[in-house]
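Asks: After the structure tokens below, expect a handful of questions from me.
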Amino acid sequence: MLTDTLIEDSRWQEAGLDDLAETAAQAALAHLGLDPALWEIAVLGCDDARIATLNADFRGKPQPTNVLSWPEDDLAPDTPGARPAPPEPESGQGPSHLGDIAIAYETCQREAAEAAIPPADHITHLIVHAVLHLLGYDHIRDKDATLMEQTEVAILGKLGVRDPY
């Protein structure tokens, strides 16, 4: 398994976070030519209160957000719009850790309802988005945002999820 999912909020079990996270992460890595068997990602399914605490602790923003990610290595390129260099797995130690993801139940459900999209599609999009962050993609600079969105749309299309943008 590529993803190791910890469920803190039981509503994530009903939403199928385990399977959605695994499918989305597998698709993201495969799209980028990375062997999912060489990597592992920790995913935390939590509620808004927990993610607000994490957001305050790590980003100085004491409010809920939909998803957070913590890459194991900084793979972001210096040049705006450039593709990040692929990660290098550690040799001989089993799967290498790409990083951690936390996703908040209430925010995800609310956003899906507001956008009139199936919650599973929104969750899949957010996991793909977070995995790309682990791989050095970002959306702060315009050219980086364009690359990240195009990559997300391509991955989601392969999964049958419509363009979220």
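Coordinate-derived values only; no laboratory data. Just so it is clear, the structure is predicted and the values come from calculations on it, not from any experiment. Positions of Cβ are backbone-derived with ideal geometry, glycine not excepted, and every protein chain shown enters the neighbour counts.
Asks: Give the calculated FRET efficiency between Asp138 and Ala113 to the nearest 0.05, with a Förster radius of 41 Å applied to their Cβ-Cβ distance.
Replies: 0.90
Asks: Same structure again: How would you order 27-39, 52-64, 101-113 from highest to lowest mean count of nearby Cβ atoms within 10 Å?
Replies: Going from most to least packed, we get 101-113, 27-39, 52-64.
Asks: Using a cut-off of under 17 Å, list every residue of segment 7-51 whose amide N is near the label point 7 Å from the Cα of Ala154 along the Cα-to-beta-carbon line.
Replies: 25-36
Asks: Please state the relative contact order of the chain as a whole percent: Cα pairs under 8 Å, 6+ residues apart?
Replies: Normalised by residue count, the contact order of the chain is 26 percent.
Asks: Sticking with this one: How much of the DSSP beta bridge set in the chain is antiparallel, as a percent to the nearest 5?
Replies: The antiparallel fraction comes to roughly 30 percent.
Asks: Given the rule -39500 (n - 2.57) for each run of at least 4 DSSP H residues, summed and divided by the residues of the chain, what is its mean residue ellipticity at 222 nm, to the nearest 500 deg cm²/dmol? Write out the running numbers ahead of the final one.
Replies: Values: 6 runs with 76 residues, N = 165.
Dividing the helical sum by the residues of the chain leaves -14500 deg cm²/dmol.
Asks: Can you compute the radius of gyration and Dmax for segment 3-158, using only the Cα atoms, both in Å?
Replies: Cα radius of gyration and Dmax of segment 3-158 are 15.0, 46 Å respectively.
Asks: Can you pull a Stokes-Einstein diffusion coefficient for segment 7-66 at 10 °C (1.306 mPa s), Rh from Kirkwood over Cα pairs, as a whole number of µm²/s?
Replies: Diffusion coefficient, whole number: 121 µm²/s.
Asks: Let's test this: bin the Cα-Cα distances of segment 48-128 at 10 Å from zero up to the farthest pair and state each bin's percent.
Replies: Taking every Cα pair in segment 48-128, the percentages come to 16, 33, 34, 16, 1.
Asks: Trypsin sites (Lys or Arg not before Pro), restricted to segment 134-165: which are DSSP loop and have at most 16 other Cβ atoms within 10 Å?
Replies: Answer in residue order: Arg141, Arg162.
Asks: Within 11 Å, Cβ to Cβ, of Ala104, how many net charges do the neighbouring residues add up to if Lys/Arg are +1 and Asp/Glu are -1?
Replies: -3
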